[in-house]
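Bear in mind these aren't lab numbers, they're just calculated from the coordinates by the rules spelled out. All values reported here derive from a predicted model rather than from experimental measurement. Cβ: placed from backbone, ideal geometry, glycine included. Neighbour counts: every protein chain shown.
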Ligand SMILES: C[S@@+](CC[C@H](N)C(=O)[O-])C[C@H]1O[C@@H](n2cnc3c(N)ncnc32)[C@H](O)[C@@H]1O
């Protein structure tokens, strides 16, 4: 990032998921720092991100706490806003798994005669204190707090079509999706080459929400095995990524080259 800012190479969108300090078994990085050391480190990363971002850019930070330290994402959001000067423009809840009871689904939906429906992977949690953690945050930081977004690009259709035309803004069959995003992990049978990837759909949606622009540049400072790069290839936008571990980097390059030929 120092090199990028010295070359005045500014980015439109940063979308990233740093290590969460939850003792994940990364190959090179030690994910078990003291809490204050971890927060200071990410604050420093945030400062550098701000230095490489365009004034109307977006920084999507995917983060989660552990059940025993649920305040950590909020403490980070506070340090990035109060100490670094970012504005928290949106807080998105990434839901990874969800269960519905049939009576709550609404009469337009055809789910009857079942106890409930569960979608996504439910990782068992061995605790009598904590509920299974099925969601993470995506904090959307900007420099100015009023970056105009392309909400309908990630919008959904109206369930009740009579809404179209009823509101001044509802001129087409598409409405704001809102800040709760259900994105389950794709089922993977083979061994996982990295312990903490996000689904490609997550960076795709963030980039689309910011808005696809000519010659735009997306950056992921914690690239892992390249999910953000694949999202960018899918959307035909330019990207840069950095990753500390050479093996993850090699896998990212493999995935990128395979993705391009398919
Ligand atoms: C949560 S993972 C990101 C996974 C990525 N979103 C994906 O889907 O593949 C965090 C990554 O940050 C990397 N990392 C840790 N410290 C780093 C640093 N100083 N610079 C670059 N990457 C780093 C870790 O090796 C790990 O791969």
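Once Rh for the range 204-252 is found with the Kirkwood sum over Cα pairs, what is the Stokes-Einstein diffusion coefficient at 37 °C and 0.692 mPa s, in µm²/s? Write out the running numbers ahead of the final one.
On the way: Rh = 11.0 Å.
Stokes-Einstein gives a translational diffusion coefficient of 298 µm²/s.
At q = 0.12, 0.15 Å⁻¹ the log10 of I(q)/I(0) for the range 2-261 amounts to -0.81, -1.24, computed by Debye summation with a single uniform scatterer per C-alpha, solvent ignored.
A viscosity of 0.692 mPa s and a temperature of 37 °C, combined with the Kirkwood radius over Cα pairs in Stokes-Einstein, give a translational diffusion coefficient for the range 37-143 of 200 µm²/s.
Extending 7 Å from Cα along the Cβ direction at residue 164 and again at residue 69 yields two label points whose distance is 5.0 nm.
Full extension of the chain between residue 83 and residue 174 yields a length gain of 28.9 nm, computed as 0.36 nm times the residue separation minus the alpha carbon distance. Multiplying the residue separation of residue 99 and residue 185 by 0.36 nm and subtracting their alpha-carbon distance yields 29.4 nm.
Relative contact order, percent, of the chain when contacts are C-alpha pairs under 8 Å separated by at least 6 residues?
Details: 431 pairs, mean separation 55.8, N = 262.
Relative CO of the chain lands at 21 percent.
Taking 7 Å steps out from each Cα toward its Cβ at residue 91 and residue 122 produces label points 2.6 nm apart.
What is the distance in Å between the Cα centroid of the range 135-187 and that of the range 65-106? Centre-to-centre distance over Cα atoms comes out at 17 Å. The Cα center of the range 3-48 and the Cα center of the range 194-262 differ in position by 16 Å. Which FRET efficiency value, to the nearest 0.05, is calculated for residue 253 and residue 56 with the Förster distance at 51 angstrom and r the Cβ-Cβ distance? The pair residue 253/residue 56 has a calculated efficiency of 0.95. Note: the range 146-262, Cα convex hull, 152 Å³ per residue.
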